[in-house]
Amino acid sequence: MIEQQITLCSNGRAVLSGYSGGLLLGYAHNTGVYRLRVVCSGEWDGTTVVAFWHLPGPAGPLTTLVADGAVEVPALVTAQGGSGTVTFEGSDGTRTVTSASVPYRVLSNSGTTDPTLPEPGTPAWQQFLQQVKRELRNAASGLSDEERGLILALFRHAVYDNGEMLPHYNALAALWSGSSLPDVPPTPSQPDPPSQPDTPNNGLPTPRYKLAAPKTFVPANKEWIDTGIKPFASIDTGLDLTVSATFTVADSAVNTVTSLLDCFSNLTTNDQRGIVVATWTNGTVGVNMFTYASHFVKIESGKKLKFLLQIKGTQFRFLSYGSLTEWKNIPNYAANKTVDHPLILGAGWGDGTTKDRFFNGTVYDFRVFDTALTDAQITTLMEAN
């Protein structure tokens, strides 16, 4: 992989090492070839950094997270030739640093796709199918009825219990009508799979808690939902947990602090415990996991946003700008770092006795699982919402 280094300076300069005039990202349609090594200095130290790719055209920027000091150039950036820019933003939840825009260029070529096939469903596609059928008839004209029958007999065994292939067999049989066609027995019925009471049909385990119906929170109403779950009442190094939410943030809540969910105890700056997910003043939604903090999605008007966090033993990971982070050690996670609050939805715990930072938006789906879902199950969960 070709790696190019960018150093982010306190004054916002983005210094491209060894290159002048911007980033050169090869020719159109390359993927997985280029990566940026992002070096943070000064005010950038300790921040979570996101790259905003401004592509040619009117579309909004594409965002990617800088993880472990590097970010791969997305395939969408190199999908076509042209020039754009990439801008960096770093935040630790209280301060935000932005960079100058770095120009990039993707060189054009003649393309590597085959444009000869018409689009399915169009009149041209139907005409193409008719042409294929004519050519099949011509190709089969040299076969005797007996030869066609033997070929179909071979196919018959392939489709005997395959409901997906049976229509193709019947189509070929109709195309070769007049030959001695063997009968195809009906597809035998299949027994129902054994029931799995603990696992719904979508492959997901039964959640410990699930929001019964979408809920719109209005701060003036001072509403919240108590899940009754206390994940950190004792520090269990064998804990498995997945928390997920699909939600929107009201336009009036952008750049304000409101809590989506909270099971947090902020005793001192260096002794933060538990988890809180909240809107931040920089127009993002962020997560605090004990003493770790990072924003994970930018708020867009009316857009459904997704949150997912997993704990497995003494490590955690979360969904950040569309991708799961690497597993990280939970900082400040020790036997005496408990949180006696239950996990609540729609507000923050404040001083531990009264609620504050009431959420402003709609929660469409919220679930807590007593297991760390697999990647496949996470995909199912995200697609379902």
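Kindly evaluate residue 313 against the criterion of being free of Cβ contacts under 8 Å to residues at least 24 places away in the same chain and more than 22 Å from the chain's Cα centre (by Cα). The answer is no for residue 313. Each residue in segment 19-42 was checked for being surrounded by fewer than 17 Cβ atoms within 10 Å (Cβ to Cβ) and more than 20 Å from residue 77 (Cβ to Cβ), and 4 pass.
May I ask you to list the residues in segment 290-304 that are surrounded by 15 or more Cβ atoms within 10 Å (Cβ to Cβ) and among the polar types (S, T, N, Q)? Working first, answer last.
Taking segment 290-304 and keeping what is surrounded by 15 or more Cβ atoms within 10 Å (Cβ to Cβ), we get 290-299.
291, 294 - these are the residues of segment 290-304 that are surrounded by 15 or more Cβ atoms within 10 Å (Cβ to Cβ) and among the polar types (S, T, N, Q).
Check whether at least one residue in segment 300-310 is modelled with pLDDT of 95 or more and over 21 Å from residue 359 (Cα atoms), and report yes or no. Within segment 300-310 (the criterion being modelled with pLDDT of 95 or more and over 21 Å from residue 359 (Cα atoms)), the answer is yes, since at least one residue qualifies.
Can you pull out the residues in segment 316-342 that are surrounded by 15 or more Cβ atoms within 10 Å (Cβ to Cβ) and part of a strand (DSSP E or B)? Across segment 316-342, the qualifying residues are 316, 317, 318, 319, 320.
Against the numbered list (1) at pLDDT 95 or above; (2) closer than 27 Å to residue 50 by Cα; (3) in a strand (DSSP E or B), residue 359 comes up short only at (3).
Out of the residues in segment 94-129 that are among the hydrophobic types (A, V, I, L, M, F, W, C) and touching an Asp or Glu at 6+ places or on another chain (Cβ under 9 Å), state the one that is modelled with the highest pLDDT. Show your work before the answer.
Within segment 94-129, the subset among the hydrophobic types (A, V, I, L, M, F, W, C) is 97, 100, 102, 106-107, 117, 124-125, 128-129.
In the following step, the residues that additionally are touching an Asp or Glu at 6+ places or on another chain (Cβ under 9 Å) were identified as 97, 125.
Numbers: 97: 92, 125: 58.
Result: 97.
The residues of segment 66-107 that are polar (S, T, N, Q), touching a strand residue (DSSP E or B) at 6+ places or on another chain (Cβ under 8 Å) and closer than 30 Å to residue 290 by Cβ, listed by number, are 91, 96, 98, 99. One residue is enough: does segment 352-363 have a residue meeting the conditions crowded, with 21+ Cβ neighbours inside 10 Å, out of contact with any Pro (no Cβ under 7 Å at 6 or more places or on another chain) and closer than 13 Å to residue 243 by Cα? Looking through segment 352-363, none of the residues is crowded, with 21+ Cβ neighbours inside 10 Å, out of contact with any Pro (no Cβ under 7 Å at 6 or more places or on another chain) and closer than 13 Å to residue 243 by Cα. Scanning segment 341-385 for residues that are polar (S, T, N, Q), within 26 Å of residue 250 (Cα to Cα) and within 26 Å of the chain's Cα centre (by Cα) returns 360, 362, 385. Restricted to segment 4-33, and to residues there that are of a type in the set (S, T, N, Q), outside any strand (DSSP E or B) and in contact with a strand residue (DSSP E or B) (Cβ under 9 Å, 6 or more places away or on another chain), the residue that is modelled with the lowest pLDDT is 17.
Condition check: modelled with pLDDT of 95 or more, surrounded by fewer than 18 Cβ atoms within 10 Å (Cβ to Cβ) and within 17 Å of residue 348 (Cα to Cα). Does residue 216 satisfy that? It would help to see each step written out before you state the result.
Numbers: modelled with pLDDT of 95 or more: yes; surrounded by fewer than 18 Cβ atoms within 10 Å (Cβ to Cβ): yes; within 17 Å of residue 348 (Cα to Cα): yes.
Spelling it out, residue 216 is indeed modelled with pLDDT of 95 or more, surrounded by fewer than 18 Cβ atoms within 10 Å (Cβ to Cβ) and within 17 Å of residue 348 (Cα to Cα).
The values are calculated or read from the model by the stated rules, or taken from the named source; none is laboratory data. If you're wondering where the values come from, they're calculated on a predicted model, not measured in any experiment. No Cβ is skipped: glycine too gets one built from the backbone with ideal geometry, and neighbour counts run over all protein chains shown.
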